[in-house]
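Following: one structure in structure tokens, then a few remarks.
The values are calculated or read from the model by the stated rules, or taken from the named source; none is laboratory data. Nothing here was measured: the structure is a model prediction, and the numbers come from that model. Cβ placement follows ideal geometry from the backbone for every residue including glycine, while neighbour counts extend to all protein chains displayed.
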Amino acid sequence: MLGFDNREKLAIFEKQAQDLANTITLLDQEIKTLSDQDKNRSSRAIQCQTLINLQWQEIDVTPLLDRIANIERQLQEARAGNAALQQISERIEYQETVVKDADAELRKSEIKRDKTVDQIKESDQRLELLLQDPAIIPLTPYQSQELDDRFAKLPDAVRLENLDRLTTSVVQALSKEIEEHNRGISSCEKTIETRFADFKRQWPMDAGDMDTSLASASDFFAKLVRLETDGLPAYEQRFFELLQNQSHQNLAALSTYLNDARKAILERMELVNDSLSQVPFNQSASQQTYLHIDATDRQLPEVKEFKQDIQQALSHAWSEDREFAESRFIALRRLVERLSSQDPDQKRWRDSVLDVRQHVEFIGREIDEGGVEVEIYRSGAGKSGGQRQKLATTCLAAALRYQLGGNEHGVPMYAPVVLDEAFDKADNEFTALAMNIFANFGFQMIVATPLKSVMTLEPFIGGACFVDISDRRISGVLLIEYDHDRQRLKLPEHVHEESTIEAS
């Protein structure tokens with residue numbers, strides 16, 4: 001059993017301890033069983049002793065029951081034979097019932113009274129504690145009346161048991177109303193301060209050093225009283241008259257200007273088209289066509305809206321309604337502010353709505369001698385270089401004719417047109433066509449051109465000069481006579497021949 005390791009000895013001890021524990025448990029169970037048996041035997045012994053001490057008369061109830069039955073029978077016979085006793089018996093029974101019921105009601109009332117007294121004592125204690133609370137502030141008569149009215153409007157009657165719930169309901173309703181009133185007060189304060197800020201921004205000299213907070217309300221109201229006492233109604237009447245008369249005239253003049261400007265564009269385009277109808281735009285052996293320019297509305301939304309605003313303001317110009325006049329003035333002021341604004345977007349808008357030239361677009365229609373439309377030119381896209389050059393030259397002449405104006409016969413008010421290095425890359429046909437267009441529009445052409453275009457230009461000019469530069473420093477001018485009968489320059493024949501060869 002001994003050695004260097006005692007684990008086997010410890011295991012033996014542990015096994016012996018486990019066996020002893022099991023033995024102890026079994027012995028405890030046997031002791032408990034024997035103890036229970038001893039208690040049962042003691043109880044049975046006591047019960048047997050009690051039975052031994054009893055006598056027969058103590059458990060025999062039959063003679064007693066017979067005696068009670070005889071007595072009850074005798075009483076019934078006595079009552080049945082005596083009417084007075086029977087009535088007394090009935091009255092006794094009735095009174096016994098009444099007394100019994102009264103006694104039950106008395107007990108209930110006493111219990112209820114005790115509970116009520118306890119509740120009164122508890123309520124008095126709570127009331128005393130509440131009255132001693134320093135946070136309670138005495139109510140004014142108006143507050144007391146309002147609270148009484150609020151409690152009276154509640155669906156449930158006010159009792160002690162529901163007082164807290166009803167009070168909470170009233171407090172919540174008051175809190176909600178107070179919150180709504182506070183929001184209304186805050187909104188009114190912000191609105192008033194906004195009005196103060198508007199007044200200070202629009203009339204900074206009159207506002208002076210007053211700030212826009214509610215603390216300056218007395219100063220603003222004092223200024224309002226001073227304005228009202230300084231004859232403001234007279235100025236208001238004057239303002240109303242100017243709004244009726246002058247604004248109506250100015251708006252009408254603006255509307256008339258826009259309409260007349262558009263009409264002028266259309267009328268001047270008629271002169272341009274009359275001139276274009278006299279000069280062929282394209283010609284061939286079998287057909288001649290002419291360019292006709294149509295002006296159409298662009299239907300810009302901002303221009304349409306601007307015209308509608310003017311017409312709406314003019315439609316009620318003579319109304320006597322002061323409130324409507326105020327709203328009309330606000331609309332007019334907003335319109336004037338937009339027109340006078342220096343903001344880039346507003347300036348672009350102003351140029352767009354007031355420049356009538358931007359309200360229309362021009363479309364070129366090429367028609368033949370029979371009035372049949374050959375082609376439509378919205379731009380030069382998709383055309384050849386020669387076609388674009390011819391269209392650009394024709395439109396240039398038409399634009400100059402439109403801008404420079406003229407009388408009913410189509411002669412421009414200012415006729416000279418200077419072209420530097422004119423037709424240096426154009427062929428003779430296009431040069432002759434362009435010069436013919438300018439000549440039919442009534443322009444006086446002053447052109448600087450290479451020598452190769454001289455013969456093409458000769459029928460369209462009334463004189464010429466030759467410019468020469470030596471060493472890029474010394475220049476000279478030689479006047480050349482012009483033969484009006486032959487519509488050509490008086491040059492030596494060999495010069496004409498050389499020009500013809502260069503042109504070919």
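Given the criteria out of contact with any Cys (no Cβ under 6 Å at 6 or more places or on another chain), in a helix (DSSP H, G or I) and in contact (Cβ under 8 Å) with a residue 24 or more places away in the chain, does Ser186 qualify? For Ser186, the condition - out of contact with any Cys (no Cβ under 6 Å at 6 or more places or on another chain), in a helix (DSSP H, G or I) and in contact (Cβ under 8 Å) with a residue 24 or more places away in the chain - is not met. Beta carbons closer than 7 Å, at least 6 apart along the sequence or on distinct chains, pair a first residue in segment 257-276 that is in contact (Cβ under 8 Å) with a residue 12 or more places away in the chain and over 18 Å from His359 (Cβ atoms) with a second that is polar (S, T, N, Q) and in a helix (DSSP H, G or I) for Ser275/Asn440. Within this structure, Asp206 fails the test of being over 30 Å from Lys223 (Cβ atoms), modelled with pLDDT under 85 and not polar (S, T, N, Q). Each residue in segment 128-156 was checked for being more than 20 Å from Gln172 (Cα to Cα) and either within 47 Å of the chain's Cα centre (by Cα) or surrounded by 11 or more Cβ atoms within 10 Å (Cβ to Cβ) (or both), and 1 of them qualify. A residue that is modelled with pLDDT under 80, of a type in the set (Lys, Arg) and touching an Asp or Glu at 6+ places or on another chain (Cβ under 9 Å) occurs somewhere in segment 315-323.
Checking each residue in segment 190-210 for being more than 22 Å from Ile330 (Cα to Cα) and in contact with a helix residue (DSSP H, G or I) (Cβ under 8 Å, 6 or more places away or on another chain) picks out only Met210.
Would you confirm whether any residue within segment 157-164 is part of a helix (DSSP H, G or I) and surrounded by 10 or more Cβ atoms within 10 Å (Cβ to Cβ)? Yes, because at least one residue in segment 157-164 is part of a helix (DSSP H, G or I) and surrounded by 10 or more Cβ atoms within 10 Å (Cβ to Cβ).
Scanning segment 275-289 for residues that are out of contact with any Pro (no Cβ under 6 Å at 6 or more places or on another chain) and not in a helix (DSSP H, G or I) gives Ser277, Gln278, Val279, Pro280, Phe281, Asn282, Gln283, Ser284, Ala285, Ser286, Gln287, Thr289. Exactly one residue out of Asp149, Asp209 is more than 30 Å from Thr116 (Cβ to Cβ) and of a type outside the set (Ser, Thr, Tyr), and it is Asp209. Phe220 falls short of the stated requirement of being within 39 Å of the chain's Cα centre (by Cα), part of a helix (DSSP H, G or I) and at pLDDT below 70.
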